[in-house]
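Okay, so here's the structure we're looking at.
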Amino acid sequence: APPTLLTLGPPPMEEEQAYLELYLDQCAAQDDLAPPRSLLLSPVVPDDGYIPNTSNSETVFNSHLEEVKASGHFSSVDLSFLPDELTQENKDQSVIRSKQDIEENCETPGQQSRMLLPREQDVGLGLISGSTLLNSHSQVYPGDADPVQPSPEKPNCTPLMSITPMTPVTPVSECSGIVPQLQNIVSTVNLACKLDLKKIALHAKNAEYNPKRFAAVIMRIREPRTTALIFSSGKMVCTGAKSEEQSRLAARKYARVVQKLGFPARFLDFKIQNMVGSCDVRFPIRLEGLVLTHQQFSSYEPELFPGLIYRMVKPRIVLLIFVSGKVVLTGAKERSEIYEAFENIYPILKGFKKA
Amino acid sequence: MPGGGQCPDCGSTELVEDSHYSQSQLVCSDCGCVVTEGVLTTTFSDEGNLREVTYSRSTGENDGVSRSQQRGLRRVRDLCRVLQLPSTFEDTAVAYYQQAYRHSGIRAARLQKKEVLVGCCVLITCRQHNWPLTMGTICTLLYADLDVFSGTYMQIVKLLGLDVPSLCLADLVKTYCSSFKLFQASPSVPATYVEDKEKMMSRTLQLVELADETWLVTGRHPLPVITAAAFLAWQSLQPSHRLACSLARFCKVANVELPCPAPSRLQELVAVLLRMAEQLAWLRVLQLDKRSVVKHIGDLLQHRHTLVRKAFRDGPEGLEAGEEEEPREQCQGPGQGKEVARSPFGLPAGKRLAGPALLLPPCMLKPPKRVCPPPPVSTVTGDENISDSEIEQYLRTPQEVKDFEKAQAAREAAKSVSNPDVQAGQG
């Protein structure tokens, strides 16, 4: 019988010490990591039979893996101690290791947005499954001399080392591989001076002012393509930008226009008020089933609106879910909330993939 | 009040009208002697002139309730009676209305909203008891706009924190079908159009279930699907006489309003039936079209589960499953030999269509109207320098300002000539 991949029961003391030291050495190099807490010191219970990757353990681990792989598939290995979700055969065992690995293993949406600025991707990764340990893993692996690579035959069949013991209840956070795209940002800023709206509408080409309809000037600029509502109190709302930076730049341009018209406009308290994102999971969703199982969060009234309105509590985001698999996320003050909300809803939606 | 009477006992004139329970008496205030007594009981002729006091006026239940709320509660009861709902529904709906009225936002709302709130409370009650009442029906009864209704409905559900179950489709089919005037001959209903209620209802139900399974119901208003299904069911029960009848005419004869999306739902349902018919050998040779397939709806419904499984696939996995499945159903005709000879990819030799269709909602099968190009990666930091020229492009030159003002003045002059009201145009 092939040896069980992960032993039950605590490892021998010396080995454990060695692992601990090696792990802590690597962690010490990173400033923003929390100490591994009970990761290694707790007895190896079924859920955390995994010991984090270190150069010593790798060889041991690899040899185990090779033996298992030689047997053909994982079913001969006793995996009964793992939580149910992890024993499915065609479960995507994606590895939250490094940014490069993510791009290899996960389905690339084929959009430019995948080539994210490093900052954005960090934020996205850091919040998947809410575990800080994942973040630490993603930092640890690039530093490894010899990270365990996924087996060449089955690119999706990655070793079980991606299990994080700190999140026993939620399944291995499979990176959905889909990144919601930001569609609209609404921000406000205070120009801190009283404005004469009639004068603004007279001297600016791109302004609209209909006091009987609405008590503000509607101004538009071409780059970034946005619209602003400018009130006589000096407050301004800027909408239509596709990113936070663009929204800020646009708001500054509007403030400059107002300045050039002779008002002592300043730029105070710029704040992003709302962010809207959208994406496509690419499979149809049984909305009637979703409203039954998640009744306390969902509202589905086909007589009124074709989509299901899902009010997520953490983060506080409202999602519009449609039968075609398109999802709209709104109500965020920060980009990370949108990503987190989508990563939370994706496994729920996958549960409704088939009729 | 002392009216000139004298007490027979002590002779005082201080007589007071007082009532002992419901009996009026004239009593001397000095000695307490009862001078005259009113009548405790009424005679039959007297009672004829009296009116009964309603329960709600004799009890104190309306004492603390504002008149506006009382009116609303009356409307709730009236609506329940018009809809012929069981009496328990009335109490629940009234309770919801009272609960809603405790919130200041509702108390201060406009009358239109309060009227619509009546409908919302009744609707929520019906939904919770699985009574199939549509929002359209309520809006028609209240002469309300669906937009106003939807806003108030969503608000009140959130405000009261209620769990409102979804509309029960099967019950709605039964109720809606019963409202069709096709079950008895009449001057407007020709004899060939009359149909048996049970047969039509059961077949409509099966068609609606089929539509639900093939993604035609999710995300759509439920009623047009049922209209289309009822039409097909009715046609298929006597196709020879009814194939010539159109959906619009059917609704007119049945005295039912034709919902706008119903023709589109009908097309989609017929397309599903045609795909299913392709799986039956003896129907495939007939080369059915959207009219002739109606004749075979009975057969198709009888084997619908197997046919849907064979006719559609969910994706590459579904395709493989379809291949592995043995052709074991009883409807194998003489074309069996031809059917089994399939290429590795599931395309039977000589089949017209390119294999099983994808089982997807229609919105996913249509090509996208316009493909949005992915936006270019933005490297904006928000702190860039803003050039003067860029800002100046948005400002009018002094000459332009003068011209604009002249044009504005001319426009306003023209307006005030034609219309005495002065309008404030663009600043």
Item to complete: Using the number of other C-beta atoms within 10 angstrom as an exposure proxy, rank B:W215, B:W282 with the fewest first.
Response: B:W282, B:W215
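Beyond 21 Å, what share of the Cα-Cα pairs of the stretch A:223-299 is found? Please give it as a whole percent.
On the way: 1397 of 2926 pairs.
Tail fraction, whole percent: 48.
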Worksheet item: In nm, to one decimal, how far is the B:Q287 label point from the B:T192 one, both placed 7 Å along Cα→Cβ?
Response: 2.7
Discussion item. Test of understanding: ordering A:C238, B:C120, B:C372 by Cβ neighbours within 10 Å, fewest first, what list do you get?
Written reply: B:C372, B:C120, A:C238
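Residues with beta-carbon under 12 Å from that of B:N62, excluding B:N62: net charge, scoring Lys, Arg +1 and Asp, Glu -1? Could the numbers behind the result be given before it?
Numbers: positive: B:R57, B:R67, B:R71, B:R74; negative: B:E61, B:D63.
Combined, the nearby Lys, Arg, Asp and Glu give +2.
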Worksheet item: Helix B:197-213: angle to the longest alpha-carbon principal axis of chain B, degrees 0 to 90, nearest 10?
Response: 60
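Find, among the trypsin sites (Lys or Arg not before Pro) in the stretch B:87-142, those assigned to loop by DSSP (not H, G, I, E, B) with at most 12 other beta-carbon atoms within 10 angstrom. Spell out each step's value before the answer.
Numbers: sites: B:R102, B:R107, B:R110, B:K113, B:K114, B:R127; in loops: B:R102, B:R110.
Filter output for the stretch B:87-142: B:R102, B:R110.
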Fill in: From phi via Karplus (6.51, -1.76, 1.60), per-residue ³J(HN,Hα) for the stretch A:322-336 in Hz, x at Gly/Pro
10, 5, 6, x, 7, 10, 10, 10, 8, x, 8, 9, 9, 4, 4
Worksheet item: Helix B:222-237 versus the longest principal axis of chain B: what is the Cα-based angle in degrees, 0 to 90, to the nearest 10?
Response: 60
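Can you give the local net charge around A:K314? Use residues other than it whose beta-carbon is closer than 13 angstrom to its beta-carbon, Lys and Arg +1, Asp and Glu -1. The partial results should precede the final answer.
On the way: positive: A:R311, A:R316; negative: A:E337, A:E340, A:E343.
Every neighbour counted, the sum reads -1.
Counting only other residues whose beta carbon sits under 14 Å from that of A:N274, what net charge do I get with K and R as +1, D and E as -1? Please report the intermediate quantities before stating the final value.
On the way: positive: A:K242, A:K271, A:R316, A:K333, A:R335; negative: A:E244, A:E334, A:E337.
Within the 14 Å Cβ shell, the charges total +2.
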Worksheet item: Based solely on its DSSP helices, what 222 nm [θ] is calculated for chain B when runs of n ≥ 4 H residues each add -39,500 (n - 2.57) and the sum is averaged over all residues, nearest 500 deg cm²/dmol?
Response: -15000 deg cm²/dmol
Item to complete: Count, for each residue of B:220-233, the Cβ atoms from other chains sitting within 10 Å of its Cβ, then give me the mean as a whole number.
Response: 1
Fill in: Furthest towards positive pole of dipole, A:T293, A:F352, A:A341, structure part the stretch A:201-355, Cβ charges
A:A341
Worksheet item: So what is the orientation-averaged projected area of chain B, using the convex hull of its C-alpha atoms, in nm²?
Response: 48.1
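Counting other beta carbons within 10 Å of each Cβ, put A:E223, A:E288 in order, fewest first.
Values: A:E223 11, A:E288 19.
Fewest-to-most ranking of A:E223, A:E288: A:E223, A:E288.
Strictly over 18 Å apart at the Cα level, which of A:K212/A:K253; A:K194/A:K235; A:K326/A:K350; A:K253/A:K333; B:K181/B:K252; A:K194/A:K260 would you flag in this model? Numbers along the way, then the final one.
Values: A:K212/A:K253 27 Å; A:K194/A:K235 9 Å; A:K326/A:K350 13 Å; A:K253/A:K333 22 Å; B:K181/B:K252 10 Å; A:K194/A:K260 15 Å.
Listed pairs above 18 Å: A:K212/A:K253; A:K253/A:K333.
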Worksheet, complete the sentence: Mean projected area, convex hull of alpha-carbon positions in the stretch B:170-314, reported to one decimal in nm², is 8.3
Worksheet entry | Between helix B:87-101 and chain B: long-axis angle, C-alpha atoms, 0 to 90°, nearest 10 | 80
Worksheet item: Label B:H103 and B:S246 with points 7 Å out from Cα along Cα→Cβ: what is the distance between them in nm?
Response: 4.6
Discussion item. Stokes-Einstein diffusion coefficient for the stretch B:60-168 at 4 °C in a medium of 1.567 mPa s, Rh from the Kirkwood formula over Cα pairs: what value in µm²/s?
Written reply: 94
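Values in this text are rule-based calculations from the coordinates and carry no lab data. Not measured: the values here are computed from a predicted model. For neighbour counting, all protein chains shown are included, and Cβ atoms are generated from backbone atoms with ideal geometry for every residue, glycine included.
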